[in-house]
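Written out below as structure tokens is the structure these notes cover.
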Amino acid sequence: MAGVTFDGVVKRFGAVEAVRELDLAVADGEFMVLVGPSGSGKTTALRMLAGLEAVSDGRILIGEGVVNAISPRDRDIAMVFQDYALYPQMTVRDNLAFGLRRRKAPKEDIERRVARAADALELGELLDRRPRELSGGQQQRVALGRALVRDPQVFLMDEPLSNLDAKLRVQTRGEIKRLQKEIGTTTVYVTHDQVEAMTMGDRIAVMNHGRLEQVGTPEELYERPANLFVAGFIGSPGMSFARAEVERGPDGVTLRGDGVRLPLPGAGAELPPAVMLGVRPEHARAWRDDGELIGPLEGQVAYVEALGRETFLGVDVGEDTRFVVAVEGRAGEQPGDTLRFGLVPAGLRLFDPEGGAALERAAAGSAAR
Amino acid sequence: MIVRREQYFTYLLLGLFSLIALVPVVGILVTAVQAQGGLAAFGEPNGFHLENFADAWREGSFGAYLRSSVIVSVSVVGLSTLLSILAGYAFGMMRFRGEQLLFYLLLLGLMVPLEATIVPLYYDLRDLALTDTYWALILPQVGVSVAFGTFWMRAFFRSVPRSLVEAARLDGSSSWGTLWRVVLPLGKPAVLTMMVLVFMWTWNEFLLALVMVTDEELRTAPLGLAFFQGRNTTDFALLAAGSVIVATPVVVVYVFLQRHFIRGMLTGAVKG
């Protein structure tokens with residue numbers, strides 16, 4: 001096993017830069033998730049690591065060795081494709097054994113490893129079937145098995161769950177995570193689904209427009225997003241944003257914007273004249289005047305999203321400003337009702353409205369107090 | 001009501017076209033068993049003479065001619081299939097400099113009719129001392145068939161999911177191994193369809209055989225039909241019987257490979 005390093009990696013398709021100066025280190029045995037919207041460059045980065053796309057600039061290392069010029073077959077990696085890419089004319093057994101046979105592994109070794117992978121993925125009874133005779137979930141397991149039998153240095157997975165139905169996706173998510181922990185192979189996993197990223201990754205790398213926006217543990221990304229993009233992308237529903245002017249008065253700082261008037265006692269003088277205020281739904285709660293919340297803010301309920309255990313209310317406080325408020329259990333409010341709510345100070349995040357970068361934690365921290 | 005009327009109309013149209021396709025075939029079959037020496041084809045039936053086939057076989061020297069046809073057709077089909085698969089794989093799956101230009105050059109072989117090149121081709125082959133040999137029939141037809149075959153196989157290779165080839169590469173397979181072990185087994189219908197078409201065209205080729213060979217032993221079956229056409233008279237019954245003899249191998253090949261042929265023709269027509 002080995003770690004993976006992207007060192008200033010660039011990928012250009014003609015004039016288009018699909019991946020820009022990517023610097024990312026994946027530790028040995030780590031489960032790293034590359035997440036981002038379509039066109040963010042995550043799959044291109046993975047394909048460069050696999051050797052399926054040439055690197056335009058920079059270096060990719062597997063372990064200590066630079067692999068830029070090494071062919072895919074010699075990189076000792078295995079990949080699970082989005083469409084599984086199972087060989088349709090071969091049985092499950094032959095699909096699993098194909099890579100080992102090409103590498104001239106001894107026959108007994110092939111049989112043993114195929115049996116072990118089939119056992120781990122409960123494929124035993126399917127070994128003599130062809131891919132077209134399998135369900136989507138079974139095909140997915142065969143694709144995983146094909147990667148598993150090779151016992152490679154690095155696993156690459158390109159949105160392997162996107163063709164499964166929601167229930168199977170949740171189940172398989174757990175299985176992949178469990179398997180990865182068991183065998184401890186370094187894994188780079190690409191997805192556009194931030195829930196998948198949050199639940200599976202040891203660390204997550206968020207990409208956008210070919211650029212790496214932030215790398216960190218799921219908690220870090222959720223609690224301390226580096227910029228507006230990460231704050232909006234991670235979390236479901238995403239963070240609510242409101243642009244506000246910073247007013248300094250004798251009582252301290254007040255944020256004033258479209259339907260927003262929030263006192264921030266103790267906020268530092270380092271705040272710029274305007275900020276983008278961000279708050280997650282669980283930090284926006286129905287108003288209680290017990291000192292735990294700041295506010296109140298008031299607005300009209302635009303939609304009600306009841307998920308059973310909790311309900312999300314979209315509340316328009318101004319012309320262009322909407323906050324999502326989380327309510328435990330079922331909410332009594334209906335669209336059109338007026339709702340008063342407050343914000344948990346510790347949950348407030350402040351961003352530079354121009355560049356989108358998170359403002360100094362000291363500023364946000366003091367604002368949150 | 002409209003649906004039913006549409007259905008009737010569809011059947012009517014299909015029936016009409018089937019009739020147009022079948023009438024000449026039935027006409028040949030009926031004429032082939034009529035009494036010899038008749039003056040017109042598609043005349044009133046005047047008997048059932050199966051001996052026409054034996055007479056046609058003898059008079060048209062089909063024993064030797066069919067042997068030549070088999071040698072030429074099998075060679076052309078074999079060679080052009082192999083070359084088309086390899087060239088189609090390169091054009092369909094690999095990226096290389098000048099790929100587009102080379103491909104369009106190759107397509108010229110499809111676009112220029114043999115009639116336009118037959119005279120220079122004759123002189124070229126004569127200079128190489130290849131006229132009056134099987135090579136004079138095989139090589140030009142391989143050239144023409146490879147142009148079509150490459151075009152055909154390239155379309156097939158392009159329809160193969162790229163991830164399949166990439167998975168094979170990651171599994172340690174070479175380009176050669178990926179072609180024969182992973183991609184080509186999926187292309188059986190496409191390859192068989194190409195083989196049937198090339199076989200049909202080669203088998204029925206007349207002009208090339210007429211120009212390139214004079215040796216009786218090397219002549220192919222379609223040339224044999226010319227013997228039944230005299231300067232002033234034509235024995236239509238024997239001509240039809242000869243035509244049936246010449247056409248039978250193609251029909252047999254088609255019938256055996258029909259299932260694959262239809263599937264091959266539809267490859268890529270709908271998303272799988």
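Just so it is clear, none of the values below were taken in a lab; they were calculated from the coordinates. Every value quoted in this text rests on a predicted model; they were computed, and no experiment measured them. Using ideal geometry, Cβ is built from the backbone for each residue, glycine included, and neighbour counts are taken over all protein chains shown.
Observations on the model:
- Dipole check for region B:33-266: with +1 at the C-beta of Lys and Arg, -1 at the C-beta of Asp and Glu, and the Cα centre as origin, the magnitude is about 1240 Debye.
- Sparse-neighbour loop sites [trypsin sites (Lys or Arg not before Pro); region B:1-109; at most 11 other C-beta within 10 Å; DSSP]: B:95, B:97
- 10 Å Cβ shell holding at most 14 others, DSSP loop, GluC sites (Glu not before Pro): longest site-free stretch of chain A: A:123-269
- Per-residue average of Cβ from other chains inside 10 Å of A:92-104: 3
- A helix-only calculation puts the protein assembly as shown at -14500 deg cm²/dmol for mean residue ellipticity at 222 nm, using -39500 (n - 2.57) for each DSSP H run of at least four residues, averaged over all residues.
- Taking all pairs of distinct alpha-carbon atoms in region A:1-124, Kirkwood radius in angstrom: 16.5
- Low-density loop cleavage sites - trypsin sites (Lys or Arg not before Pro) in region A:20-104, where at most 16 other Cβ are within 10 Å (DSSP): A:103, A:104
- DSSP-loop trypsin sites (Lys or Arg not before Pro) across region A:278-326, with at most 10 other Cβ within 10 angstrom: A:309
- Phi-based couplings in Hz for region A:115-121 (Karplus 6.51, -1.76, 1.60; Gly and Pro marked x): 4, 5, 5, 4, 5, 5, 10
- Rounded to the nearest 20 debye, the dipole magnitude of region A:4-225 is 720 debye, with +1 charges on Lys and Arg beta carbons, -1 on Asp and Glu beta carbons, and the Cα centre as origin.
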